[in-house]
Amino acid sequence: MGFWKSFFGSADAASAQTQFEGDAAPVVGARPDNSARILFSTEREIDLYELEELCDAVGWSRRPMRKVRKAIQHSFLVVSMWQQLGNTKRLVGFARATSDHAFNATIWDVVVHPEFQGKGLGKALMKYTIKKLRSEDISNITLFADPHVVNFYRRMGFMPDPEGIKGMFWYPD
């Protein structure tokens with residue numbers, strides 16, 4: 001628990017760049033004329049074709065849509081990040097988490113469109129996701145990371161085996 005308290009030590013830490021109030025909270029890039037802004041949502045319906053386009057944009061291999069739909073339906077938390085231009089919204093980020101609904105959650109499928117990478121939006125997406133999990137009193141948050149993004153998660157405060165626990169995996173032959 002001390003690990004997460006250090007990550008969110010102050011009320012400011014979780015909202016350094018933005019405020020997370022309600023569904024579709026404005027985030028980064030809000031302009032006075034409202035011409036373009038980034039929004040988060042935990043309620044907005046995910047169009048699987050839009051999600052597939054987002055995953056294609058970052059080079060992920062395609063997964064069967066029926067399985068993606070099932071994974072989303074059985075997730076504890078689904079977070080989407082949208083670019084709003086006028087009345088049009090475009091999916092530019094996504095993350096989901098599974099959980100035992102009491103102690104543990106695992107974050108999966110974190111993706112940010114390449115046009116929006118390097119602007120702090122991946123960090124904002126992760127902070128929003130973690131804040132939502134912590135608001136449900138989840139105290140142990142894990143994730144799996146490809147080698148090329150490990151440093152991103154380290155900078156977010158994640159560490160391998162924080163208490164010396166070794167993960168084990170079983171895969172079918």
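What shape does region 50-110 take by its C-alpha gyration tensor, where a ≥ b ≥ c are the square roots of the eigenvalues and a/c under 1.5 counts as rounded, a/b above b/c as prolate, and the rest as oblate? Verdict is oblate for region 50-110.
Just subtract the alpha-carbon distance of His74 and Asn151 from 0.36 nm times their residue separation and send over the number in nm, one decimal. Don't skip to the end; give the middle numbers.
On the way: separation 77, 0.36 × 77 = 27.72 nm, distance 2.88 nm.
Gain on extension, His74 to Asn151, equals 24.8 nm.
Between Glu136 and Trp108, how high is the FRET efficiency from 1/(1 + (r/R0)^6) when r is the Cβ-Cβ distance and R₀ = 25 Å? Nearest 0.05. Display every interim value, and only then the final one.
Values: r = 16 Å, r/R0 = 0.65.
After rounding to 0.05, the efficiency reads 0.95.
Taking the number of other C-beta atoms within 10 Å as the exposure measure, put Val68, Val79, Val150 in order starting with the fewest. Mind dumping the intermediate values first?
Working: Val68 17, Val79 22, Val150 12.
By the 10 Å Cβ count, ascending, the order reads Val150, Val68, Val79.
Taken as Cα centroids, region 64-118 and region 131-172 sit 17 Å apart, rounded to the nearest whole angstrom. Using the Cβ of Pro64 as centre and a radius below 15 Å, the other residues enclosed give a net charge of +3, where K and R count +1 and D and E count -1. As a proxy for reagent exposure, ranking Met126, Met65 by other Cβ atoms within 10 Å from fewest up yields Met65, Met126. Counting every other Cβ atom within 10 Å of each residue's Cβ, Tyr171, Tyr128, Tyr49, Tyr153 order from fewest to most as Tyr171, Tyr49, Tyr153, Tyr128. Taking each of Lys131/Lys166; Lys89/Lys123; Lys89/Lys119 in turn, the alpha-carbon distance tops 24 angstrom for Lys131/Lys166. On the basis of the beta-carbon distance and an R0 of 35 Å, Arg66 and Arg37 show a calculated FRET efficiency of 0.55.
Every number here is computed from the coordinates shown, using simple stated rules; none is lab data. Predicted model only: the values in this text are computed from it and were never measured. Cβ atoms come from the backbone with ideal geometry, glycine included; neighbour counts cover every protein chain shown.
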